[in-house]
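Following: one structure in structure tokens, then a few remarks.
What follows draws every value from the coordinates through simple rules; no lab data is involved. Bear in mind that the values here come from a model prediction, so they are computed numbers and not experimental data. So basically every Cβ, Gly included, is an ideal-geometry build from the backbone, and we count neighbours across all protein chains shown.
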Amino acid sequence: MLNSISWNSYLVAVVTLLLLWYLYIGFRYFSSEIKQILSGRKKIGFPIVGKKIRNDSFHSTDKEDANSANLNEAFEESFATLDEVKELSARITEAVSESAEIKRSKQEFKNYIRLIFSDYPYVKISSLRGNVNNLLAYQSKKHPELLLTLKEADELWEENK
């Protein structure tokens, strides 16, 4: 009897049974995820080379989704902060030259810079804050009546709470 079954027939039967078994398990235990994938509300997360490979790339938990969302938001914030620093640098340069032209007092100049700094709360907590302070000190050196040291520039951030 066993001699009448060919290897080809045996392999086809095993593969068919395995396919049916995994379909049963998938629909029995992962039906909600399969429905979300088929409706397009959820995408299958395949591991990318160079990143940490998850044990089960088909099934993602809410915690993993939340972590990836937080990571995306963090990167978007960091790029937004970089854009804000570029904008702030231009505003500082303009503020220094404008203050020199209209001959603002040093106290009025400091208050004006505080006002400008208040528009950029993320720059205050970023690592680029030192670069902004350096720019402010450098630009104010061009006009002795507005001269600010690095310490004074940094204090303008702290006074702006």
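Taking the simple approach of a point 7 Å from Cα along Cα-to-Cβ for both K35 and W7, what is their distance in nm?
4.5
Would you mind computing, in nm to one decimal, how far apart the modelled labels at N134 and L147 are, each placed 7 Å from Cα along Cα→Cβ?
Calculated label separation equals 2.1 nm.
Relative contact order (percent) for segment 110-161, with alpha-carbon contacts under 8 angstrom and 6 or more residues of separation?
44
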